[in-house]
Amino acid sequence: MSAWVSINGTITAAEDARISVYDRGFLFGDSVYEVLRTANRRPLFWADHAARLWESGRRIALDPQVDPDVLRGWIQALLDRIPGECTIRLVVSRGVGHAGLGLADAGEPTRVVICSPLSLPPAALYEAGCSLKIVRTPRRDEGGLDPQAKSGSRLLAVMALAEAERAGFYEALRVDPLGRVLEGGTSTFFLVKDGVVRTPPLQVGILAGITRRHVLAMAAARGLPAEEASFPVEALADADEVFITSSVRGVMPVARIDDRRWAAPGPITRQLMAAYQDHLAQN
């Protein structure tokens, strides 16, 4: 089943989609993006993703120059061509320039929407848990990047995930030079200790994950203590449960981090997995 693409509102099959080699998103990673999925054929957490896209743009002085309702219409035009649930990737680059770094060199932003049939991770990862490899990396802000701007500059995550995959792990778990747990290469990290759900705070230099925020709210709604708190990598040895979240994965249990193993999913992780599925059904 084919994917479909909209470039500045013009629809084409994915295999026919083209942008200029001078597009600044291609040349410099000078872009912002969002990835989300549908539930019941509607974009899940759409308002949150749209708000973050515009906030990311504001943080790097990139105005998408399109109304959010117009962008939502472009998305719907693609969804109408694909039966079933979809993954949606939104990319806004600063546009076509002439290979110079100066902002004045850019033209109109390039707005790309990519819709493809939803492909979820294997069911076994939800039934028995995934594996994470600890990877030592700098915080995003230590690399000169605003961690709250979801930009196209993703090399830290690419290299972290490559290191994990080479070692046979499903995902990376990024740890900063101070030994603090940050986030996955493509996910947000949570642990459970003594019944309390914990995730690193934004202040350590991580992205404000949308699924992260909703999972914290789901925990609170079910009377589960939840907090944003920094913790060292050594705290993983005493964790009772571990899980990760992302827009497409939802809530995924973790069964292994390096040589430490857990019976997964644990009871609290199961509750949050069920809460997330309930939210999908109600969307």
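Neighbour counts of other C-beta atoms within 10 Å: give me THR12, THR199 arranged from fewest to most. Walk me through the intermediate numbers first.
Working: THR12 12, THR199 27.
So the ranking, lowest neighbour count to highest, is THR12, THR199.
To the nearest 10 degrees, how steep is helix 68-79 against the longest Cα principal axis of the chain, on a 0 to 90 scale?
Tilt of helix 68-79: around 80 degrees.
Rounded to the nearest 500 deg cm²/dmol, what is the calculated helix-only ellipticity per residue at 222 nm for the chain, with -39500 (n - 2.57) per DSSP H run of length n ≥ 4?
On the way: 7 runs with 77 residues, N = 283.
The helix-only estimate for the chain comes to -8000 deg cm²/dmol at 222 nm.
Can you give me the orientation-averaged projected area of the convex hull built on the Cα atoms of the chain, in nm²? Intermediate values should be presented prior to the final figure.
Numbers: hull surface 59.0 nm².
If I average the Cα hull's projected area over directions, I get 14.8 nm².
Among ASP30, ASP194, ASP146, which one shows the highest mean-square fluctuation when the chain is modelled as a Gaussian network with alpha-carbon springs under 10 Å?
Residue with maximal mean-square fluctuation among ASP30, ASP194, ASP146: ASP194.
Would you please calculate the Kirkwood hydrodynamic radius of the stretch 27-86 over all C-alpha pairs and express it in Å, rounded to one decimal? All intermediate terms of the calculation are to be shown ahead of the outcome.
Working: mean 1/r = 0.0791 Å⁻¹.
Evaluated over the stretch 27-86, this radius sits at 12.6 Å.
Go through the stretch 204-214 residue by residue and turn each phi into a ³J(HN,Hα) via Karplus (6.51, -1.76, 1.60, θ = phi - 60°); whole Hz please, and just put x for glycine and proline.
Values, residue by residue: 7, x, 10, 6, 6, x, 6, 4, 3, 5, 5 Hz.
Scale the Cα Rg of the stretch 123-282 by the rule-of-thumb value 2.2 N^0.38 Å and send over the ratio, two decimals.
Working: Rg = 14.6 Å, N = 160, 2.2 N^0.38 = 15.1 Å.
My calculation over the Cα atoms of the stretch 123-282 gives 0.96.
Report the net charge of residues surrounding LEU161, where surrounding means a beta-carbon distance below 10 angstrom and charges are Lys +1, Arg +1, Asp -1, Glu -1. Don't skip to the end; give the middle numbers.
Values: positive: LYS133, ARG154, ARG166, ARG174; negative: GLU163, GLU165, GLU171.
Within the 10 Å Cβ shell, the charges total +1.
Would you kindly derive the ³J(HN,Hα) couplings of the stretch 115-130 from the backbone phi angles with the Karplus curve 6.51 cos²θ - 1.76 cosθ + 1.60 (θ = phi - 60°), listing them in order in whole Hz, with x for Gly and Pro?
Taking θ as phi minus 60°, the curve returns 10, 9, x, 5, 10, 8, x, x, 4, 4, 5, 7, 7, 10, x, 9 Hz for the stretch 115-130.
On a 0 to 90° scale, report how tilted helix 46-59 is relative to the longest principal axis of the chain, with both axes built from alpha carbons and the result rounded to the nearest 10.
So the inclination is approximately 70 degrees.
Which of LYS193, LYS133, LYS150 has the fewest other C-beta atoms within 10 Å, and how do the rest follow up to the most? The partial results should precede the final answer.
On the way: LYS193 15, LYS133 21, LYS150 25.
The most exposed by this proxy come first: LYS193, LYS133, LYS150.
Subtracting the Cα-Cα distance from 0.36 nm times the residue separation, let me have the gained length for LYS193 to THR12 in nm, one decimal.
Details: separation 181, 0.36 × 181 = 65.16 nm, distance 4.90 nm.
Using 0.36 nm per residue and subtracting the Cα-Cα distance, I get 60.3 nm.
In Å and from the alpha-carbon atoms only, list the Rg and Dmax of the stretch 28-181.
17.7, 52
Quick check for me: using +1 on Lys/Arg Cβ and -1 on Asp/Glu Cβ, what's the dipole size of the chain about its Cα centre, in debye to the nearest 20? Intermediate values should be presented prior to the final figure.
Values: 32 positive and 33 negative charges, 40 e Å.
Once rounded to the nearest 20, the dipole reads 200 debye.
Taking amide H positions as placed in the peptide plane 1.01 Å from N, state which residues far from GLY266 in sequence (5 or more) or on other chains have amide H under 5 Å from it.
Here VAL242 satisfy the definition.
Residues with amide H under 5 Å of ALA226's amide H, sequence separation 5 or more or different chain, H placed in the peptide plane at 1.01 Å from N; which?
Long-range HN contacts for ALA226: VAL197.
Normalized C-alpha radius of gyration of the stretch 4-117, against 2.2 N^0.38 Å? Kindly include the intermediate steps, with their values, before the conclusion.
Details: Rg = 13.9 Å, N = 114, 2.2 N^0.38 = 13.3 Å.
It is 1.05.
Using amide H atoms built 1.01 Å from N in the peptide plane, name the residues 5+ places from LEU145, or on other chains, whose amide H lies under 5 Å from its own.
Residues meeting the amide H criterion: none.
Which angle from 0 to 90°, rounded to the nearest 10, does the C-alpha axis of helix 267-282 make with the longest principal axis of the chain?
It works out to around 30 degrees.
From the backbone phi of the stretch 150-157, what are the Karplus-calculated ³J(HN,Hα) couplings (6.51 cos²θ - 1.76 cosθ + 1.60, θ = phi - 60°) in whole Hz, Gly and Pro given as x?
Computed from phi, the couplings for the stretch 150-157 are 7, 9, x, 7, 10, 5, 4, 5 Hz.
Each value in this text was obtained by applying a stated rule to the coordinates, not by laboratory testing. All values reported here derive from a predicted model rather than from experimental measurement. Every residue, glycine as well, gets a Cβ built from its backbone with ideal geometry; the counts of neighbours run over all protein chains shown.
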